[in-house]
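Structure first, commentary second.
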Amino acid sequence: MNEYVSALIIGIVEGLTEFLPVSSTAHIRLTQELLSLPLDDSYWKMFAIVIQLGAIGSVLVYFRERIVEFLRSYPSGQAGRHTWWNHPVALVLISFVVTAVPCLLMDEFIGDNLESPEIIGWALLVGGIVMWIVDRACSRRAKTMQIEDMTLHQAVVIGFTQIFAAAFPGVSRSMATIAGGQLMGLSRPAALEFSFFLSIPVMVAATAFKLLQFVLETPTAVSTQQWLVLAVGFAVSFLVAWAVIAWFMSWVRKHGFTPFAIYRVILGSLTLAWVYGLLA
């Protein structure tokens, strides 16, 4: 298949799944498999990471007023009740550090798991069950209705849950953050909004690291066509993710995460059935 068409398809998949709790990494890897792209190829590994930055760009655009509001009010907050360490900006950065340090140390382990459809299948299945249980158990007991009321403890725990998402592709960074937030007493909208904001430093750092690693370790220069293919995936993921964010924020205020949990269980089961040869 033409590489530009492959980039277009993967960009759409990335934009659709980056912020939904269904694991964009799992969907991209499975899509690459269906498109017969080499999962062990360093370029396509880098491609799968870098186009996520396109989706993250949509967060900056969609929440631009909210982000500017937070930055301007740091450290005391608009109501003057925050400090340098419990302001939403600080909590996002603290949660990021909690996630980033262990993930950096586990980079090789994470890379190996990215190539395993079996791990992806189990992560989708188990993660779906966990998400359903957490959403049912915690949605009506939420005490933190907006991220301005979050505590340092809540941010640290949410950052810790993201380690599982990084280590086991298919868990989903979004699912881990949302479920971790709900377990710590956040409402569905608050958990989702914090997940969006936390995605900015997490994915920018991950993208920069992988891109630099690719450039340093690749013996031959990246061709002009490869950069253009990457640009197509990047742009498409940005546009699709922008639409998804607007829809998802509206959905969560009225509904729960059960449909996504069911979808995860079905996709995980089908993936495992394919891995174990039951669909042959």
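What is the Rg over Rh value, at two decimals, for segment 134-280, using alpha-carbon atoms and the Kirkwood definition of Rh?
1.04
Within the chain, which complete DSSP H helices have Cα atoms spanning at least 30 Å along the helix axis and a mean Kyte-Doolittle hydropathy of -0.5 or higher?
For the chain, where a helix must reach 30 Å along its axis and average at least -0.5, the hits are 42-62, 117-138, 188-217, 224-254.
Along the principal axes of its C-alpha atoms, what lengths does segment 3-275 span, in descending order and rounded to whole Å?
54, 39, 34
Using Cα-only point scatterers and the Debye equation, what is log10 of I(q)/I(0) for segment 1-111 at each q in 0.20, 0.22 Å⁻¹, rounded to two decimals?
The Debye formula, applied to the Cα set alone, gives -1.10, -1.20.
Testing the spin-label approximation: label points 7 Å from Cα along Cα→Cβ at residue 208 and residue 255. State their distance in nm.
My value for the distance between the label points is 3.7 nm.
Based only on Cα atoms, what mean projected area does the convex hull of segment 89-181 have, in nm²?
6.0
Specify the residue with the greatest mean-square fluctuation among 267, 105, 37, computed from a Gaussian network of the chain linking alpha-carbon atoms under 10 Å apart.
Result: 105 has the largest fluctuation of those listed.
Magnitude of the Cβ-charge dipole of the chain, K/R +1 and D/E -1, about the Cα centre, nearest 20 debye?
So the dipole magnitude of the chain works out to roughly 1180 debye.
Let me check I have the definition right: for segment 168-236, take the eigenvalues of the Cα gyration tensor, multiply each by 5, take square roots. What are those semi-axes in whole Å, largest first?
Semi-axes from the Cα gyration tensor: 33, 13, 10 Å.
Per residue, how big is the convex hull of segment 47-91 when only Cα atoms are used? Give it in Å³.
66
Sort out for me the Cα centre separation of segment 139-175 from segment 190-249, rounded to whole Å.
Segment 139-175 and segment 190-249 have Cα centres spaced 21 Å from each other.
Go ahead and set up a Gaussian network model of the chain, Cα springs under 10 Å, then flag whichever of 264, 29, 140 fluctuates most.
Top of the fluctuation ranking is 140.
Given points 7 Å out from each Cα along the Cα-Cβ axis, report the residue 247 to residue 34 separation in nanometres with one decimal.
1.6
No lab work stands behind these numbers, since they all come straight from the coordinates. Predicted, not measured: the structure shown is a model, and the values here were computed from it. Glycine also receives a Cβ, built like all others from the backbone with ideal geometry; neighbour counts cover every protein chain displayed.
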